[in-house]
1. Tally up the residues in segment 1-30 that are touching a residue at least 12 places away in the same chain (Cβ under 8 Å) and of a type in the set (S, T, N, Q), please.
2. What are the pairs, 6+ residues apart or on separate chains, where a residue within segment 54-68 that is more than 16 Å from Ser82 (Cα to Cα) has its Cβ under 7 Å from a residue that is modelled with pLDDT of 85 or more and exposed (fewer than 14 other Cβ atoms within 10 Å of the Cβ)?
3. Considering only residues of segment 39-58 that are outside any helix (DSSP H, G or I) and β-branched (Val, Ile, Thr), which is nearest to Ala77 (Cα to Cα)?
4. Hey, among the residues in segment 39-48 that are within 16 Å of Trp83 (Cα to Cα) and of a type outside the set (A, V, I, L, M, F, W, C), which one's surrounded by the most Cβ atoms within 10 Å (Cβ to Cβ)?
5. Can you tell me which residues in segment 49-68 are loosely packed, with under 14 Cβ neighbours inside 10 Å, at negative phi and either within 11 Å of the chain's Cα centre (by Cα) or modelled with pLDDT of 85 or more (or both)?
Amino acid sequence: MGSSSDSMQALLAAAEPDDPQDAVVANQYKQNPEMLKRTARLWAHIHAGSTVSSPEYTKTIENICAMGFYRNAVIVALSLKSWGVVTNRIASE
């Protein structure tokens with residue numbers, strides 16, 4: 001167990017975005033570190049019960065889930081698209 005935790009600590013201390021375990025996370029790390037931090041905090045809230053630090057992310061997730069989508073799928077999709085949401089509305093005539 002000690003060697004596993006040492007390996008995990010080494011990975012967390014010295015990220016290698018050019019040789020990533022997860023290409024999306026590596027891209028966020030390189031292109032938008034603030035978004036990466038906010039996304040990580042959101043996952044920590046969901047999976048470890050930490051405090052909510054991104055109320056706008058939470059609101060976006062709730063709005064999309066209200067349309068019938070699964071929460072984890074929504075988070076993954078939003079993260080892949082840099083949390084950008086585009087809505088198409090048909091104008092009334």
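The values are calculated or read from the model by the stated rules, or taken from the named source; none is laboratory data. Just so it is clear, the structure is predicted and the values come from calculations on it, not from any experiment. FYI the Cβ positions are ideal-geometry reconstructions off the backbone, even for glycines, and counts take in every protein chain you see.
1. The number of residues fulfilling the criteria is 1.
2. Cys65/Arg71
3. First, pick out the residues of segment 39-58 that are outside any helix (DSSP H, G or I): 49-54.
Okay, now just the ones that are also β-branched (Val, Ile, Thr), so 51-52.
Numbers: Thr51: 22, Val52: 20 Å.
Out of the qualifying residues, it is Val52.
4. Here is the first cut: in segment 39-48, the residues within 16 Å of Trp83 (Cα to Cα) are 39-43.
Okay, now just the ones that are also of a type outside the set (A, V, I, L, M, F, W, C), so 39, 41.
Details: Thr39: 21, Arg41: 16.
In this case the residue turns out to be Thr39.
5. Here is the first cut: in segment 49-68, the ones loosely packed, with under 14 Cβ neighbours inside 10 Å are 49-52, 55-56, 59, 62-63, 66-68.
This time we only want the ones that are at negative phi, so: 50-52, 55-56, 59, 62-63, 66-67.
Hits for segment 49-68 are Lys59, Glu62, Asn63, Ala66, Met67.
Yes/no matrix, rows are residues, columns are (1) hydroxyl-bearing (Ser, Thr, Tyr); (2) surrounded by 10 or more Cβ atoms within 10 Å (Cβ to Cβ); (3) under 17 Å from Val76 (Cα atoms):
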position	(1), (2), (3)
Ala10	no, no, no
Ala15	no, yes, no
Asn27	no, yes, yes
Gln31	no, yes, no
Lys37	no, yes, yes
